[in-house]
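Notes for the one structure printed next.
The values are calculated or read from the model by the stated rules, or taken from the named source; none is laboratory data. Values in this document were obtained by computation on a predicted structure and should not be read as measured data. Because the Cβ atoms are built from the backbone with ideal geometry, glycine has one as well, and the counts that use them run over all protein chains shown.
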């Protein structure tokens, strides 16, 4: 195998695929990137057996072939190469020589035949959606994914397609983020799948602000094809619990607040959040919101911001991190906080189909 | 929520006591949380079962269960503690039919009908290829020993059932027998089958997490985890296995903390329909001081005993071994060996190795007649009778004409107390059990045993009649209940039941 490739192109491609490679793996082949050269260019693939990413890039291929090389090491070498032109040659023993201007590297690889075979996907539903739409929806929900591995069905984003709607949900049992987007689907494509965290993260890295992507979903796998990349992931098996059970269906009061102002204030006050309860207090009254924290042995903090609110005085305690997470990932200027009373779940909304349920913390006194 | 002892989540509780307790708890929760959160989260919850270890609540939906567990654990625990004095683990079962909003799930079902119209696309996806090399690597990482595969297990009439159950479990873990429980005396192939299940399962499902440990290893890991304050990784390791193989579970006997930990591991795996396979040198009910709840769980699935191999099976096993080890030993010689060595497979292998070694060392061809001479020692070892506590108890009970359970019981009329003391005395003098082990075999403390032994010695010295009656029981025991016989005749006598006496024997480990 022999080819010539531009450094920038190669570096970008390696960056996109190398995150799948886990640093601690039992199978050495899984830390390698599979490189295949054909007449059209190169195909780079990495896998951890759950998620596989394949990326196509242009290259001048002198002779075709395939090999696998340590992904991380190769990426760091390519990053440091001095010229933009790289000559690549791999011999029969999977030893690759990399030449760029005055520098020369020899990297030992493993045969491509050892790389887990990329086989075929069964029966699947296939459709295309807007990249920006999916990117935004994932961004607005993925931070609420549970990291508690004992509840594995919650270790991903639940993705429901049906009734002209794409619904994405993530929850960890203390907060829940949901996006509902109107979307036209061909009939018969209704489905509900749980996309695991790692695939969600990789997908977010690949998604762009424009263009479309092709999605295919089978019983236990999903593939996403976009911008010359193909991401294939196993899906989490199991039933996602009925999340609508925890979404309050009515609210008594609505607070309107500027997102960035609230985020900055919470961030500051949270510096003195009570370490034991990890909560800060939100006191709403008459167009003002006083956010305060009190740490008995350290000190206290308070910040008052202007809001739109006209109900009775309400004091609710929340985990500051849980308040900040959605604020960071939304881009609207204004957000609404819907409240029932001081001890019922609050709901953060925007003027788009998004909601975020957050449980209040119980405060003594 | 599979495989749990009652309660059935769909059946309303009719137990007035539970209802009363739930009313009290509800009142308490209303007080600590306020009315509206209580109504929002708890109004459809029920109390299904309460025991010191575990409180089972039925939630109206999985999501309710998750949110209540995440957000209200502390007030729940304090409410239960207030009314019960203590609070075990709180477990939630889900009764989905009680919940109303089902929009999301119904959408899914609606999609089923549209399946025929599926656009058929053929993206590429990963199919895993397992080479023998990778299989070995994974197997070793799972604690499996290479040589113990199904391919080199010789099933005979003694182990047919165990072999079939093992195959079934390896083919469909978590779906057939849960748990699968092997028991037999040592060296009959329990460990071999455990490993074989692990290998086969890994071969079929290379990505599954298979874990083979002995109960002793489990204990060591547990102690280690406690010392290093690293229970989380310990639990992760065990509770996330897809197939957990545990050898020598009798080791759990008498270890309360360990049993508690194992109980939770067991439940977690059973809940998730992960396969558990256990091996022990006695049936679950006979493991010394094993908590009732563990015994009942061990008995849920299938318990299979592996018996001692018959003559033909022994010969088949040895022929296979000879071929595996490429030994120049004739079939005739093997027949001679299996006639003489009736014990476990390990003893058979030992005899074969010895014969093969002598054969290679001697100049002239090895005659079948020499076999007896070469393995004489092994035969003797096999013939010496080992009596166990249970066997002694039975013999004493028979002698005094009472039920063996009475000896284990608490009655202290003169005759029964005497029988019990005689039994303790005999167990102490005929077995090599420690005082504590003897005591626990009788469910008494060691002081009682010391007293009984002393008293019996004294009575033997004082009364010749008493002494001779004790001697009579002893003789019966040592002779295995049959009249005196020549050593040769003894060898062909039916083997004593391998299980006798295991109840109190110190744990014997299969050394693999």
Which condition does residue A:292 not pass, out of (1) part of a strand (DSSP E or B); (2) crowded, with 21+ Cβ neighbours inside 10 Å, if it passes all the others?
(2)
Can you name the condition, by its number, that residue A:272 falls short on among (1) surrounded by fewer than 19 Cβ atoms within 10 Å (Cβ to Cβ); (2) closer than 26 Å to residue A:178 by Cβ?
(2)
Which numbered condition residue A:282 misses (of (1) surrounded by 14 or more Cβ atoms within 10 Å (Cβ to Cβ); (2) assigned to a loop (DSSP other than H, G, I, E, B); (3) in contact with a strand residue (DSSP E or B) (Cβ under 8 Å, 6 or more places away or on another chain)):
(2)
Per-region count, region A:343-365, residues crowded, with 20+ Cβ neighbours inside 10 Å and more than 19 Å from residue A:169 (Cα to Cα)
2
Scanning for something assigned to a strand (DSSP E or B), within 14 Å of chain B (Cβ to nearest Cβ) and surrounded by fewer than 22 Cβ atoms within 10 Å (Cβ to Cβ), does region A:243-259 turn up at least one residue?
yes
Looking at region B:226-245, which of the residues that are in a loop (DSSP other than H, G, I, E, B) and within 21 Å of residue A:148 (Cα to Cα) is nearest to the other protein chains (Cβ to nearest Cβ)?
B:240
Do you know which residues across region A:321-365 are assigned to a loop (DSSP other than H, G, I, E, B) and within 14 Å of another protein chain (Cβ to nearest Cβ)?
A:340, A:341, A:342, A:343, A:344, A:345, A:359, A:360, A:362, A:363, A:364, A:365
Restricting attention to region B:138-151, report how many residues are surrounded by 15 or more Cβ atoms within 10 Å (Cβ to Cβ) and either more than 15 Å from residue B:204 (Cα to Cα) or within 14 Å of another protein chain (Cβ to nearest Cβ) (or both).
7
If you scan region A:167-189, which residues turn out to be over 30 Å from residue B:70 (Cβ atoms) and not in a strand (DSSP E or B)?
A:183, A:184, A:185, A:186, A:187, A:188, A:189
For region B:246-333, which fully contained helices (runs of 4 or more DSSP H) count at least 2 residues that are not assigned by TED's automatic domain parsing to the domain that holds residue B:225?
B:311-325
Is at least one residue of region A:286-305 within 14 Å of chain B (Cβ to nearest Cβ) and at pLDDT below 95?
no
Would you point out the residue of region B:73-95, among those that are more than 34 Å from the chain's Cα centre (by Cα) and within 9 Å of chain A (Cβ to nearest Cβ), that is surrounded by the most Cβ atoms within 10 Å (Cβ to Cβ)?
B:75
Select from region B:205-225 the residues that are part of a loop (DSSP other than H, G, I, E, B) and over 22 Å from the mean Cα position of the chain (by Cα) and list them in ascending order.
B:205, B:206, B:207, B:208
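Quick one: which residue in B:59, B:65, B:48 is more than 14 Å from chain A (Cβ to nearest Cβ), surrounded by 18 or more Cβ atoms within 10 Å (Cβ to Cβ) and touching a strand residue (DSSP E or B) at 6+ places or on another chain (Cβ under 6 Å)?
B:48
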Can you name every residue in region A:222-236 that is at the interface with chain B (Cβ under 10 Å from one of its Cβ atoms), farther than 25 Å from residue A:58 by Cβ and surrounded by fewer than 21 Cβ atoms within 10 Å (Cβ to Cβ)?
A:234
Candidates B:304, B:355 - the one that is away from chain A (no Cβ under 14 Å), on the phi < 0 side of the Ramachandran plot and touching a strand residue (DSSP E or B) at 6+ places or on another chain (Cβ under 8 Å)
B:304
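Collect the residues in region B:128-169 that are part of a helix (DSSP H, G or I) and closer than 25 Å to residue B:301 by Cα, keeping them in residue-number order.
If the condition is that a residue be part of a helix (DSSP H, G or I) and closer than 25 Å to residue B:301 by Cα, then B:160, B:161, B:162, B:163, B:164, B:165, B:166, B:167, B:168, B:169 are the ones that fit.
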Check region A:313-322 and report whether any residue there is surrounded by fewer than 17 Cβ atoms within 10 Å (Cβ to Cβ), modelled with pLDDT under 95 and within 19 Å of residue A:248 (Cβ to Cβ).
yes
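Results for (1) surrounded by fewer than 17 Cβ atoms within 10 Å (Cβ to Cβ); (2) in a helix (DSSP H, G or I), shown as yes or no for each residue.
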site	(1), (2)
B:395	no, yes
B:412	yes, no
B:416	no, yes
B:421	no, yes
B:429	yes, yes
B:432	yes, no
B:436	yes, yes
Give me the residue from region A:150-170 that is touching a strand residue (DSSP E or B) at 6+ places or on another chain (Cβ under 7 Å) and over 19 Å from residue A:234 (Cα atoms) and, out of that set, surrounded by the fewest Cβ atoms within 10 Å (Cβ to Cβ).
A:164
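Yes or no, residue by residue, for (1) farther than 30 Å from residue B:37 by Cβ; (2) not assigned by TED's automatic domain parsing to the domain that holds residue A:313:
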position	(1), (2)
A:182	yes, yes
A:195	yes, yes
A:201	yes, yes
A:216	yes, yes
A:231	yes, yes
A:239	no, yes
A:251	no, no
